[in-house]
Each structure stands twice: as C-alpha cells, then as structure tokens.
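J.: Before we start, here is the structure in question, set down as structure tokens.
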Amino acid sequence: MLTILFDGVAYGMLLFVLAIGLSVTLGLMNFINLAHGAFAMAGGYITVLLMQYYGVPFLACLPIAFVVVAIIGAILERTLYRPMYHKPALDQVLFSIGLAFVAVAATTFAVGSSEQIIQLPHWLNGRSVFTIGSQTLGVGHYRLLIIVICVVLTLVLQFGLDRTRFGSQLRAAVDDQKVADGLGINVNIVFLSTFALGSGLAGLGGALGAEVLGLDPTFPLKFMIYFLIVVALGGTSSLTGPLLASLLLGVADVAGKYYVPKLGSFIIYIVMIVILMWRPQGLFAGKGSK
C-alpha cells in the first residue's frame, strides 16, 4: 500500500510539472494553449538525442532541456502566439491544437513513429525496500528523484510568484495591461518571460517523464487531456490547486490500475467526473484573471 502511495505521489508530481505551464498561460495570461504537450515532447526528444548521440549524462540533460525548450517557447511566443492573445477563445483553441498536430507530424517525419527508450544511469534504476510497521515501502530511486526535483521546483515557483518583483509585475500586467504599461512595466517582456518559463517547465517535465510515460510523436495528443484535467480540477488562481489535483489524480491512477486493473486508465476520468459533480468550479475556486 505504501509503495503504491509513493509511486502515485511521484506520478502526480510529474503531472504537476507537465501541467503547471498550461496553468500559468491559461490562468495568468488568459491563453488556451492546447499545444502545451508539444513543448513537453520537445524536452523528451532533446534528452534522448543528447544521451544517445552525444553521451551527455542524464542529469545534465534536464537543465539543457529546460533552457532549450524555454528558448523555443520564447521564439514561438514572439512570432506565433502573441498575435493570438486578444483573439476569441475558439480561435486560440483551433490555433494551438493545429500547432500540436503540426508538431506530431514534424516529429514523425524527422525521427519516425517508434517509441524512444531512455537508458537511465544504473543508480536510478534500483529500488530500496523499507519496512514500516507491518507495511513494506518500495522506494524507486528514479521516482524519488522526480519527487525531490518537483518539490524544489514548486517551492521556487511559489516564491517567485509571491515574493519577487517579477511576480508582482506579472500580476499587475494580468490585472490591467494599460495601467501596468503606465507604471513602466514592459508587459510584452513579462508575458514573453512567463510563456518561456511555462514552456521550459513543460520541457523539463517531458525530459523527466520520458521513461515513466513513454515518448513517441503522439505524446502531445495522448497527454493533452491529462493536462486539462489537472487545470480543470485544480484551477488556475494559484499553484496549490494544480499541485493537489495532480497528487490526487496520480495516486488514484496508480492505485486504480493496481487494484482495479480492468478499469485501467478510466479511473482518472471517474475521479474527475466525481470531483466536478461535487465542485464544478474545481477544488480551488478563485477569481479568474480578466
């Protein structure tokens, strides 16, 4: 039971890192980016490329994936996304989902449709077993690394949004762009930095999740619904909501596949339906940005 709980928490933390960028762009920038999974896929493929062809250590690939995907996100924000910010929601949805299909097709053409395999360092492949009372806890080394990285990221993001000048500028730009401009805040730079950060986090999540989730060109479409579920249940007004929603979904998914294998992946949808019937506004309702 403890092992299932541990694996579920690790899976939930991974979902959080993958989905938090979408929560940021949707909640703080009011942009519906359904191509978010393409940035995660890019991080995964960058990691595979660096490890297989250049022999870069896995841990070194993680910050590289973050930076490279953040740069890609910044370029796309400046050239493609920015003109869409003031378009109707339907236009944003059609644009971003079209971009996701383009990413799938381009990746299939470039590297093929087969699933990519990441060879983790040997010290990350093991599992330590502990006995706590009458329960046995199996701690997978790689999943422990995922939890540690995600906890650190969560604390850094929370501090950055709540306690730094950039966080204050971002909130001001979201609340009223004209007033923020009048106060000397460069709104375009703030949004560019925010979008790049969200993209980089997706890339980092894709690099971390390639071994757990699998990596192939259909990644943006397969996991799009998972990102949307996290945002729908957790809300977009804070980091706490998506974090707790991710943990709940991760534990439910892993426990459901273990105890009720016939239902398989449907467990996560059942949890979503039950929660939204109980709280249609999500677990953490908040006043949305205007």
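J.: Quick check, is Leu215 farther than 18 Å from Ile20 by Cβ, touching a strand residue (DSSP E or B) at 6+ places or on another chain (Cβ under 6 Å) and either of a type in the set (A, V, I, L, M, F, W, C) or in contact (Cβ under 8 Å) with a residue 12 or more places away in the chain (or both)?
T.: So Leu215 passes the test.
J.: Additional query: Could you please find all residues in the range 27-50 being in contact with a helix residue (DSSP H, G or I) (Cβ under 6 Å, 6 or more places away or on another chain) and either farther than 14 Å from Gly198 by Cα or part of a helix (DSSP H, G or I) (or both)?
T.: His36, Gly37, Ala38, Phe39, Ala40, Met41, Ala42, Gly43, Gly44, Ile46, Thr47, Leu50
J.: Go through the range 47-94 and count every residue that is farther than 25 Å from Ile32 by Cβ and within 18 Å of the chain's Cα centre (by Cα).
T.: 6
J.: Shifting gears a bit: Among the residues of the range 191-234, write down those that are more than 11 Å from the chain's Cα centre (by Cα), of a type in the set (Phe, Trp, Tyr) and surrounded by 24 or more Cβ atoms within 10 Å (Cβ to Cβ).
T.: Phe195, Phe219
J.: Right, another one. If you check every pair at least six apart or on different chains, which have Cβ atoms under 6 Å apart with a residue in the range 228-252 that is under 21 Å from Ile149 (Cβ atoms) first and a residue that is of a type in the set (S, T, N, Q) and surrounded by fewer than 21 Cβ atoms within 10 Å (Cβ to Cβ) second?
T.: Within 6 Å, the pairs are Leu239/Gln158.
J.: Follow-up question, since we're still on this one. Would you pick out the residues in the range 152-176 that are surrounded by 13 or more Cβ atoms within 10 Å (Cβ to Cβ), over 11 Å from Leu239 (Cβ atoms) and among the β-branched types (Val, Ile, Thr)?
T.: Val174
J.: Six or more apart or on different chains, Cβ under 7 Å: which pairs go from a residue in the range 177-201 that's touching a residue at least 40 places away in the same chain (Cβ under 8 Å) to one that's crowded, with 21+ Cβ neighbours inside 10 Å and among the hydroxyl-bearing types (Ser, Thr, Tyr)? Could you list them?
T.: As it stands, the answer is Phe195/Thr25; Phe195/Tyr81; Gly198/Thr25, since those pairs meet every condition given.
J.: Which of the residues belonging to the range 8-51 are aromatic (Phe, Trp, Tyr) and within 19 Å of Phe101 (Cα to Cα)?
T.: Correct list: Phe31, Phe39, Tyr45.
J.: Further, regarding this structure: Looking at Val260, is it over 21 Å from the mean Cα position of the chain (by Cα), among the aliphatic types (A, V, I, L, M) and under 21 Å from Met1 (Cβ atoms)?
T.: Yes: the conditions hold for Val260.
FYI, it's all coordinate maths here, none of it is from the lab. The structure presented is a predicted model; accordingly, all values stated were derived computationally and were not measured. Quick reminder, even Gly has a Cβ in these numbers, built from the backbone with ideal geometry, and neighbours come from all protein chains shown.
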